[in-house]
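Notes follow the structure.
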Amino acid sequence: MQFHQLILALCLIIAGGRAAPQGVRPSANATTSSLPCLPPGAEVITRDFNDPNYNIYASGQAIFRDRAPLAVLYPRSADDISKTIVCARAHGVTPVARSGGHSYEGLSSLNDTIIIDLSQMATTTILDSTHRLVRASTGMRLGNVYTALYDHNSTWSFPSGVCPSVGLGGHVAAGGYGTLARHKGLAADNVVAATVVLANGTIVNANANENADLFWAIRGGGGGSYGVVVDMTLRAAYVPENYVVKINYTNVHETAKVVEAWYKWVSGPLSSRNSSLPGGKTFDGWAANMQLNMFKDSITLTVRYTPETPSSVDDFSAIIAASGMADSSKFTFRYDTEPAKVDMLVAQTLFLSGSTLHSGILTPSEAHDFVTNPQRRPANTSWKDRSRLKSEYVRGKPDSGFYAALQRVVEQGKDLSSNWFVQLDPYGGVLSGAVGADGRGAFAHRTDTSFLIQYGLYFNRTLPDPSLPAGMSWLDSAERTFKPFVTGEHYQGYVDLDVDPRSFYGESYEKLKTVKRRYDPENVFWSDLVTPKEGAKGVWFGDGYAH
């Protein structure tokens with residue numbers, strides 16, 4: 001970069017200004033007078049590229065693609081949302097819902113749209129303590145949900161993701177995989193009702209008895225396509241005890257060997273409830289998650305064990321020993337966090353990259369603070385992520401070719417300047433079964449799915465990054481290397497515009513089209529994640545992913 005270019009870029013950052021994204025005229029600012037029918041009590045930030053406030057809030061956290069909506073509106077009620085949708089339709093503007101702003105493709109912040117940002121609607125209400133029913137606004141961040149449940153009862157949690165700043169609405173719409181998924185199911189499996197504002201402004205209930213097809217679709221069938229979900233009734237999980245461990249394998253040349261041992265464990269009986277340890281002792285609990293992360297210089301295994309009856313650190317240590325993952329004769333490793341009993345909030349945060357309990361990186365007190373205050377500060381340039389991320393599913397038992405392929409991906413990334421990762425999340429347990437069975441929603445990736453791969457790289461947030469071409473080349477190579485061993489389906493929570501949209505929905509795709517046709521026949525809610533339809537203004541079946 002030339003010196004004058006560096007100074008100009010720094011000035012833009014300091015001043016809060018930025019260039020208009022491609023396809024948007026720099027002079028194309030907006031005012032609320034152009035949409036006089038917006039609800040009068042709602043805060044509105046209109047498009048002005050010289051306004052630092054606009055440049056902060058126009059996009060969410062994930063900004064691989066910069067976006068320039070006409071306005072960002074913060075409703076205070078379902079009625080505000082209804083009036084905004086009706087107003088936007090009357091003026092030919094697309095309304096787009098945003099609960100957390102974590103869409104990897106920025107699909108909750110689209111050009112020339114009005115963003116309905118739900119973050120000011122963030123409340124929880126305990127409805128029924130006996131059945132652990134809680135109503136939560138979809139503008140809640142996951143960390144806020146965990147904290148509200150923990151404050152009410154320290155044995156309550158919600159089966160959802162590890163990142164506390166992810167929005168509840170988009171997370172459930174994508175299915176909502178988390179560290180309790182093998183034991184308690186997805187987030188979407190634990191939603192029992194919702195309030196939804198439809199494309200015509202009507203406010204409806206969605207549950208097993210009312211608008212049941214809509215209720216099915218909004219739980220794992222993608223967000224922003226069928227209506228704006230205002231709140232959800234959640235069924236909290238009872239998790240009386242939590243045990244965790246974090247093991248760091250320091251020799252990346254052992255990647256294939258570590259992953260093969262990991263798969264043997266996660267697919268075997270020792271990872272399930274009521275399994276027997278050597279010597280005959282049984283344990284009444286689940287290795288609820290055993291997440292494996294590969295980086296350029298190490299591999300990290302993080303395990304969460306959730307017993308149904310009182311257990312001990314000794315029992316958990318015996319499980320880890322029996323798993324073979326802490327065998328010093330096979331692997332070079334150290335404990336970043338030794339087997340420990342922790343509370344609910346610490347168990348949630350330990351899965352964050354770099355988080356430990358014993359190395360001083362993340363103390364229990366800091367873990368509590370991180371979940372309780374999940375990055376609700378402004379999404380400024382120091383907070384936003386610039387990243388490119390992808391996902392794949394592996395079904396059945398991987399063969400030796402897969403382990404060799406994974407080893408090549410890691411070896412090829414060893415000398416890159418960019419920070420990258422490859423993450424494996426196990427499926428199975430209560431996740432298995434047919435789509436829609438036992439009242440579950442549209443999430444499709446269940447039957448015979450062994451694990452999910454997420455992989456990607458992070459790059460410079462503000463200035464041009466010279467390491468990006470090499471990083472993107474590695475990412476493309478990794479995608480080609482994985483291709484012979486994966487299903488071709490992808491997790492909709494890791495949205496990717498480079499792949500066929502149908503790959504996110506699997507066997508649910510055709511039914512979701514029917515639901516879309518019924519509840520949004522004029523295609524009011526649409527985005528860049530599309531399947532074309534002749535005569536449609538942009539999409540036949542799109543997905544806004546209000547993350």
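Here are a few things to note about the model shown:
- Against the conditions (1) open to solvent by less than 20 Å² (accessible area, probe 1.4 Å); (2) in a strand (DSSP E or B); (3) in contact with a Lys or Arg (Cβ under 9 Å, 6 or more places away or on another chain), VAL230 satisfies every one except (3).
- Scanning the range 503-512 for residues that are crowded, with 16+ Cβ neighbours inside 10 Å and more than 18 Å from the chain's Cα centre (by Cα) gives GLY506, SER508, TYR509, LYS511, LEU512.
- Which numbered condition PRO240 misses (of (1) under 25 Å from TYR491 (Cβ atoms); (2) at pLDDT below 95): (1)
- The range 310-323, residues that are outside any helix (DSSP H, G or I) and either surrounded by 15 or more Cβ atoms within 10 Å (Cβ to Cβ) or free of Cβ contacts under 8 Å to residues at least 40 places away in the same chain (or both): SER311, SER312
- Comparison of ARG376, ARG388 shows that the only residue that is in contact with a Phe, Trp or Tyr (Cβ under 9 Å, 6 or more places away or on another chain) and modelled with pLDDT under 90 is ARG388.
- Among the residues of the range 477-501, the ones that are assigned to a loop (DSSP other than H, G, I, E, B) and either buried (at least 16 other Cβ atoms within 10 Å of the Cβ) or among the hydroxyl-bearing types (Ser, Thr, Tyr) (or both) come to 8 in all.
- Only one of the listed residues (ILE116, ILE126) is under 27 Å from PHE525 (Cβ atoms), among the β-branched types (Val, Ile, Thr) and in contact with a helix residue (DSSP H, G or I) (Cβ under 7 Å, 6 or more places away or on another chain). That residue is ILE116.
- When GLY185 is tested against (1) open to solvent by 10 Å² or more (accessible area, probe 1.4 Å); (2) closer than 17 Å to TRP156 by Cα; (3) out of contact with any strand residue (DSSP E or B) (no Cβ under 7 Å at 6 or more places or on another chain); (4) not basic (Lys, Arg), only condition (1) is not met.
- Residue count for the range 221-236, restricted to those that are at pLDDT below 95 and within 19 Å of the chain's Cα centre (by Cα): 5.
Rundown of residues vs (1) touching a residue at least 24 places away in the same chain (Cβ under 8 Å); (2) closer than 30 Å to GLY268 by Cβ, yes/no style:
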{"site": "SER450", "(1), (2)": "yes, yes"}
{"site": "SER467", "(1), (2)": "yes, no"}
{"site": "MET472", "(1), (2)": "yes, no"}
{"site": "LEU475", "(1), (2)": "yes, no"}
{"site": "ARG480", "(1), (2)": "no, no"}
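- Candidate set: the range 246-271, residues that are closer than 20 Å to SER311 by Cβ and crowded, with 17+ Cβ neighbours inside 10 Å; chosen: the one modelled with the highest pLDDT: ILE247
- When SER154, SER160 are checked against the criterion of being outside any strand (DSSP E or B), of a type in the set (S, T, N, Q) and within 22 Å of TYR494 (Cβ to Cβ), SER160 stands alone in meeting it.
- Cβ pairs under 8 Å, 6+ apart, first in the range 408-427 and part of a strand (DSSP E or B), second of a type in the set (Ser, Thr, Tyr) and surrounded by fewer than 16 Cβ atoms within 10 Å (Cβ to Cβ): PHE421/SER353
- Qualifying residue in the range 306-314 (condition: over 17 Å from VAL239 (Cα atoms) and touching a strand residue (DSSP E or B) at 6+ places or on another chain (Cβ under 8 Å)): no
- When VAL166 is tested against (1) among the β-branched types (Val, Ile, Thr); (2) open to solvent by less than 10 Å² (accessible area, probe 1.4 Å); (3) within 16 Å of the chain's Cα centre (by Cα), only condition (2) is not met.
- Scan of the range 135-162 for residues that are under 13 Å from ASP231 (Cα atoms) and crowded, with 22+ Cβ neighbours inside 10 Å, ordered by number: ALA136, SER137, THR138, GLY139, MET140, ARG141, VAL145
- Residue-level analysis places SER108 outside the set of residues that are in contact (Cβ under 8 Å) with a residue 40 or more places away in the chain, part of a loop (DSSP other than H, G, I, E, B) and surrounded by fewer than 24 Cβ atoms within 10 Å (Cβ to Cβ).
- The set of residues in the range 453-484 that are of a type in the set (A, V, I, L, M, F, W, C) and more than 21 Å from LYS414 (Cβ to Cβ) contains only LEU463.
- Members of the range 202-227 found to be assigned to a helix (DSSP H, G or I) and crowded, with 22+ Cβ neighbours inside 10 Å, listed by number: LEU214, PHE215, TRP216, ALA217, ILE218
- When the range 111-121 is filtered for residues that are under 14 Å from ALA68 (Cβ atoms) and crowded, with 24+ Cβ neighbours inside 10 Å, the ones remaining, listed by number, are ILE114, ILE115.
- Within the range 324-351, the set of residues being modelled with pLDDT under 90, outside any strand (DSSP E or B) and either open to solvent by 30 Å² or more (accessible area, probe 1.4 Å) or touching a strand residue (DSSP E or B) at 6+ places or on another chain (Cβ under 7 Å) (or both) comprises ASP343, MET344, ALA347, LEU350, PHE351.
The values are calculated or read from the model by the stated rules, or taken from the named source; none is laboratory data. Computed from a predicted model, the values in this text were never measured in an experiment. Because the Cβ atoms are built from the backbone with ideal geometry, glycine has one as well, and the counts that use them run over all protein chains shown. For accessibility, only protein heavy atoms count, side chains too; no ligands or nucleic acids. Shrake-Rupley method; radii C 1.70, N 1.55, O 1.52, S 1.80 Å.
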